[in-house]
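What follows is one structure encoded as structure tokens, with my remarks underneath.
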Amino acid sequence: MYIEFIDGGICAPNGFKASGVHCGIRKNKRKKDLSLIVSDIQCNVAAVYTKNKVKGAPIYVTKENIKDGLARAIVCNSGNANTCAPNGMEIAQQTCKLVARELKISPADVIVSSTGVIGEPMCIEPFEKGIPKAVKKLSYEGSSMAAEGIMTTDTVKKELAVSFILGNKECHIGGIAKGSGMIHPNMATMLCFLTTDVAISQDMLKKALKYDIEDTFNQISIDGDTSTNDTVAIMANGMAENPIIDAEGEDFEFFCKALNTINAELSRNIAKDGEGATKLLECIVSGAPDVNTARIISKSVITSSLFKAAMFGEDANWGRVLCAIGYAEVDFDINKVDVVLSSSKGNVEVCKSAAYNPYSEDEAAKILAEDEIKILISLNQGTAKGRSWGCDLTYNYVKINGDYRT
């Protein structure tokens, strides 16, 4: 059995169309600011959301709409997060009604999402103009347009798809994501929309997504700020016609593996495109007493501002790694910890048994000059593993966020 990356993004699965247009929320008319994803038939859906106490209005509306576990469409705008706006709930509800009217479906079958500036006023007029336009532009090749429409400070589109076999049927999962700043998901301004033509029950779809989030999107950190609008949603229309997955077993496990493949790569892409970033950081913890310990330690390291700054400066300051490991709130023996810094230029063991290990600073500098760095941590007290993704902290990050509203 195989899992293969393919083209097509969210439109790779059978029966999904997408589009992206400029509707006027953003001042730059060359940038798309409204995206639409639609299934030919009703879908089972699942979603996870931010745990920030401040939540965007679209999250409340989406939660209500998909209480029955069903949906046909996803609509998302960029440029305004629709968070802490006095008419936010009304705008989100009206947006669903506009989509429903154009598609001739129920407003309750629409997932609505927003991303952008928090606390800005919002009006319905751009949606009234843009949604009919987005519906007219719907295409089975429209994934890239939709991926562009959800971008804010992102510098690259994030869209992927995979193909795999279940029950002798070719199946697909597609995804688009956005996220560059305010990224420290705890869910479940990070959004991910997934589509699949796999036939899977609502309960098993929810179980698969909730389980996978812990190893993928919840293991990213760009700046330690958990957005008010974090959402990951998946729609499954069953058009691959595989035997329905309604219980745990081999097919469910393989679906979870395929879901993890695409979500892990989207997570990696988000971290690599962090605001102002010049380096992707991947922290891999092995030899842990349990998976939770490995996850927490790996995320503690890539969240450390001091360590992120050291990586920007290409400084093998391993003490900052050990410090971040040490304040992780899990139980383990720090005295057994080894640390290796790695890139395409090689490996250097900088720390052995929680102490300095003689190494060449010149060799370390060559390794850290690359744009993808791995921090390999061995706890040497178990068999569990975990990983997380982040980026370096640069001067440009401060500039981007100092000028964010202007």
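The values are calculated or read from the model by the stated rules, or taken from the named source; none is laboratory data. Model, not experiment: these values are computed from the prediction. Quick reminder, even Gly has a Cβ in these numbers, built from the backbone with ideal geometry, and neighbours come from all protein chains shown.
For segment 120-130, the condition holds for at least one residue, the condition being that it is buried (at least 23 other Cβ atoms within 10 Å of the Cβ) and either outside the structural domain of residue 236 (by TED's automatic domain parsing) or farther than 26 Å from residue 174 by Cβ (or both). Taking segment 375-406 as the search range and keeping residues that are surrounded by fewer than 13 Cβ atoms within 10 Å (Cβ to Cβ) and farther than 22 Å from residue 26 by Cβ, which one is modelled with the highest pLDDT? Once the filter is applied, the top-ranked residue is 383. Screening residue 392 against (1) among the acidic types (Asp, Glu); (2) farther than 18 Å from residue 281 by Cβ; (3) in contact with a Leu (Cβ under 7 Å, 6 or more places away or on another chain) leaves a single unmet condition, (2).
Do we have residue 67 as over 21 Å from the mean Cα position of the chain (by Cα), in a helix (DSSP H, G or I) and of a type outside the set (Val, Ile, Thr) here? When the stated conditions are applied, residue 67 does not pass them.
Checked against (1) surrounded by fewer than 23 Cβ atoms within 10 Å (Cβ to Cβ); (2) more than 30 Å from residue 38 (Cα to Cα), residue 256 meets all criteria but (2).
Check whether at least one residue in segment 256-264 is in the same structural domain as residue 44 (by TED's automatic domain parsing), out of contact with any Gly (no Cβ under 6 Å at 6 or more places or on another chain) and basic (Lys, Arg), and report yes or no. Scanning segment 256-264, I find at least one residue that is in the same structural domain as residue 44 (by TED's automatic domain parsing), out of contact with any Gly (no Cβ under 6 Å at 6 or more places or on another chain) and basic (Lys, Arg), so the answer is yes. Taking segment 141-178 as the range and being buried (at least 24 other Cβ atoms within 10 Å of the Cβ), assigned to a helix (DSSP H, G or I) and either of a type outside the set (A, V, I, L, M, F, W, C) or within 15 Å of the chain's Cα centre (by Cα) (or both) as the test, the residues that pass are 143, 147, 149. Working carefully through the options 272, 279, find the one that is touching a strand residue (DSSP E or B) at 6+ places or on another chain (Cβ under 7 Å), surrounded by 20 or more Cβ atoms within 10 Å (Cβ to Cβ) and modelled with pLDDT of 95 or more. Exactly one residue qualifies, and that residue is 279. Of the strands (runs of 3 or more DSSP E) contained entirely in segment 2-64, those carrying at least 2 residues that are within 20 Å of the chain's Cα centre (by Cα), of a type outside the set (D, E, K, R) and surrounded by 15 or more Cβ atoms within 10 Å (Cβ to Cβ) fall at 16-21, 34-49.
The set of residues in segment 79-109 that are in a helix (DSSP H, G or I) and hydrophobic (A, V, I, L, M, F, W, C) comprises 89, 91, 92, 96, 98, 99, 100, 103, 108.
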